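Notes to accompany the following structure.
The values are calculated or read from the model by the stated rules, or taken from the named source; none is laboratory data. Note that this is a predicted model, so its numbers are computed, not measured. Note that we place each Cβ from the backbone using ideal geometry, even for glycine, and neighbour counts take in every protein chain shown.
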Amino acid sequence: MISFSKVSKSYRGWRGREVVALTDFTLELRDGEVFGLAGPNGAGKSTLISLLLGFLGPTQGDVRIDGLEPRRYVESKGVSYLSELINIPASWRVVSALRRYALLAGVSSDALEARVEAAISQLGLEEHRTKRVRQLSKGNLQRLGLAQAMLTDARVVVLDEPTHGLDPVWTQRFRDIVNEMRRPDRTILIASHNLDELARLADRVGIIDHGQLQRIVDVRANEQSVTEGAPYRIVVARGEERVLARFPMARGIGRGEFELSGVSLEAINLGIAALIESGTLISAVYPVHSALEQQFREAVDSGKGEP
């Protein structure tokens, strides 16, 4: 559905210095998948999204959506897009803002009101429908942004930091919304710094750093996997004095919690079995970093020193 083929993008800085944002970037996003995009600040995520939406053209290489150049695709078929910074005129009211965005998105007049009302309902904006944008809290403004991105039936959905400002309730609800948006002929791209959310939502996650694709993580295949020797934490409800005897390298964090680093999974399992046999009551064992977080740390560390 979406392809980046050997894409590079450079800018000319205000002092005339060349700034390289992307280098030899190759990636394919499939029909039917939710693809996550993660990377440090300045890694090239915003440039990548701008190329995908046709706001910018590549310096080298090709970007295609369903075989078309991005600008041609967007103009002819449309894309659902939530920008990282939501900038809606402060004097507009919620319901009128959504009507205007629906018109701009090409929603037909006979379907417009139904689409607007469905978006308001789905994002829980009923009590805010007549408020002016300036009256909305940060979280409600984010929900309005999500609502406008859901007005169309586009096959390509691009969401940039979609959970920014959402409270835990609406972060959970957003996960449900993404699952409802899934369909075999639609591609959803989510760019986020929240690796936990990407691990829950995405099928694959591309990790970008220094303008290069460092690796692609198959989240479903890796969600039960953590790199050997990665740090784990053990929480003990009773008998914590036995932990250091069994794991001398453990670092006590307090309140019965200990962190183990550089210990194999086999050694951790054997140690825990021995602790339980000795009467220690263990309430939790968990990795400090999820599989995706571990992959992210490794990918970013491996990219240090790259241009």
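If you go through segment 161-182 and keep only what is in contact with an Asp or Glu (Cβ under 9 Å, 6 or more places away or on another chain) and basic (Lys, Arg), you end up with ARG175, ARG182. The set of residues in segment 275-287 being part of a helix (DSSP H, G or I) and not charged (D, E, K, R) consists of LEU275, ILE276. Only one entry of LEU265, LEU281, LEU260, LEU275 meets the criterion of being under 24 Å from ALA199 (Cα atoms), modelled with pLDDT of 90 or more and not assigned by TED's automatic domain parsing to the domain that holds ARG200, and that entry is LEU260. Scan segment 1-37 for residues that are on the phi > 0 side of the Ramachandran plot and either in a strand (DSSP E or B) or exposed (fewer than 12 other Cβ atoms within 10 Å of the Cβ) (or both) and the total you get is 3. Among helices (runs of 4 or more DSSP H) entirely within segment 185-274, having at least 1 residues that are over 30 Å from GLU33 (Cα atoms) singles out 243-246. Of all residues in segment 193-210, those satisfying the criterion of being touching a strand residue (DSSP E or B) at 6+ places or on another chain (Cβ under 7 Å) and among the charged types (D, E, K, R) are ASP203, ARG204. Confirm whether SER283 is among the small types (Gly, Ala, Ser) and closer than 13 Å to ALA237 by Cβ. Considered against the rule, which asks whether it is among the small types (Gly, Ala, Ser) and closer than 13 Å to ALA237 by Cβ, SER283 comes out as yes.
Let me confirm something: among ASP209, ASP196, ASP203, which residue is in the same structural domain as PHE25 (by TED's automatic domain parsing), loosely packed, with under 15 Cβ neighbours inside 10 Å and touching a residue at least 24 places away in the same chain (Cβ under 8 Å)? Going through ASP209, ASP196, ASP203 in turn, the sole match is ASP196.
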